[in-house]
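**Student:** Before we start, here is the structure in question, set down as structure tokens.
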Amino acid sequence: MVIGWYVHHHGFGHVSRFLAVQPHLRDSVIAFSSMPRPAALAGDVEWVLLPEDADAFEGRDGRRVDPRDADPTVRGHLHWAPHGHPGHRARLAAIATAAVERELETFVVDVSAEVVAFARLLGLRTVAVTQPGVRVDPAHVLAYDLADRIVAPWPEGAVPAPGLSLHGDRVTWTGGISRFDGRPASESTDGRQVLLLGRVLRPGVRDHAARLLRERGWTVTSVGHDDTSRVDDPWPLLTRSTVVVSAAGQNSVADLAASGARAVVIAQDRPFDEQHATADALVAWGLARQVEETVLASDLADLVERAADDIPDWTRWRIAGAAQRMADAIEGALP
């Protein structure tokens, strides 16, 4: 049997989840995404590069059309289905063609309400991956109603998810899914070390906070804040650091949990307040400290020093075995 898997192209969390779960699947997988094929993907996994659907396009009258002006939400019923966009149409056509020619049985959608609906209309057993936040809008309601199974990649009860309350019999709470699950920690080093991970601070605040921390005897490492500072494998940095300052996205939090990090999380603005809901949950469970994106450098430095004494029980985030649990949920949807 063949499983289709739609990988959303915003950020790196969706593709990281795919890379973590795919090796646990017994069946063949065809991935569909606008992202380039990941270098870490096994060579025998097919990757279908989908055309873009959010760029301007030429209308029939020859004028350039901004898809945001082409009723993309269908008067609030969907998230993105702009009238007349050739890329949008070609994306769905590629999925439909593969469903017929490759005899797909199950389709995993991470994430898109429209692709969930389309896959189910094709008669595929559909697995919808969801995210935290207040997702009770018409498009999410439709996706949840249509999905044969819903995967929530965080521990049950951690983050409020009002949109899932009516679908408990079809929801699998896997716990946080990290590509680092089970990987041994790097050797620890002496001294106080802080890792500033990702684009979570304004450049001026990041530089000022780093200077203050160095003056207090900390070793400061900053990665992922721009294209030149990205690292393919942050695991050694995560496990050697005394404190990690990170975003509160699902992938980031799962990696923090896998490494057992003492953490300060900064919730970035995302649709449906996803990261704010997650950050609040981490604070409530005593797993991390939280600051706003507007934090002052001096306040961040003070909080990093306080976080150094924390003892978070990250086992509550259920990282161990989470990728296998998602794989079991997917293959449980097979006929």
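**Student:** Give the number of residues within region 1-28 that are over 13 Å from the mean Cα position of the chain (by Cα), more than 10 Å from Ala323 (Cα to Cα) and surrounded by fewer than 22 Cβ atoms within 10 Å (Cβ to Cβ).
**Tutor:** So the answer is 5.
**Student:** Here's something else I'd like to know. Could you check, for region 137-157, whether at least one of its residues is basic (Lys, Arg) and either farther than 30 Å from Val74 by Cα or assigned to a strand (DSSP E or B) (or both)?
**Tutor:** Yes, region 137-157 contains at least one residue that is basic (Lys, Arg) and either farther than 30 Å from Val74 by Cα or assigned to a strand (DSSP E or B) (or both).
**Student:** Follow-up question, since we're still on this one. So how many residues does region 38-69 have that are in a loop (DSSP other than H, G, I, E, B), out of contact with any Gly (no Cβ under 6 Å at 6 or more places or on another chain) and either under 30 Å from Pro23 (Cα atoms) or without any contact (Cβ under 8 Å) to a residue 24 or more places away in the chain (or both)?
**Tutor:** The qualifying residues number 14.
**Student:** Could I ask something else about it? Could you tell me which of the residues Ala248, Ala307 is crowded, with 24+ Cβ neighbours inside 10 Å, modelled with pLDDT of 95 or more and hydrophobic (A, V, I, L, M, F, W, C)?
**Tutor:** Sole residue among the options that is crowded, with 24+ Cβ neighbours inside 10 Å, modelled with pLDDT of 95 or more and hydrophobic (A, V, I, L, M, F, W, C): Ala248.
**Student:** What tally of residues in region 131-164 results from selecting those that are in contact (Cβ under 8 Å) with a residue 60 or more places away in the chain and either closer than 27 Å to Gly321 by Cβ or in the same structural domain as Arg270 (by TED's automatic domain parsing) (or both)?
**Tutor:** 13
**Student:** Looking only at region 286-317, filter to residues that are assigned to a helix (DSSP H, G or I) and among the aliphatic types (A, V, I, L, M); which one of those is farthest from Trp154 (Cα to Cα)?
**Tutor:** Ala297
**Student:** Would you please name the residue that is surrounded by the most Cβ atoms within 10 Å (Cβ to Cβ), looking only at residues in region 158-208 that are among the acidic types (Asp, Glu) and part of a helix (DSSP H, G or I)?
**Tutor:** Asp207
**Student:** Only residues in region 294-323 that are under 20 Å from Ala247 (Cβ atoms) count as the first member; pair them with residues that are in a loop (DSSP other than H, G, I, E, B) and of a type in the set (Asp, Glu), Cβ under 8 angstrom, at least 6 apart or cross-chain, and list the lot.
**Tutor:** Ile319/Asp181; Ala322/Asp181
**Student:** Further, regarding this structure: Return a yes/no flag: does region 67-76 have any residue that is closer than 25 Å to Trp154 by Cα, touching a His at 6+ places or on another chain (Cβ under 8 Å) and modelled with pLDDT of 95 or more.
**Tutor:** No.
The values are calculated or read from the model by the stated rules, or taken from the named source; none is laboratory data. Just so it is clear, the structure is predicted and the values come from calculations on it, not from any experiment. Neighbour counts run over all protein chains shown; Cβ positions are idealised from the backbone, glycine included.
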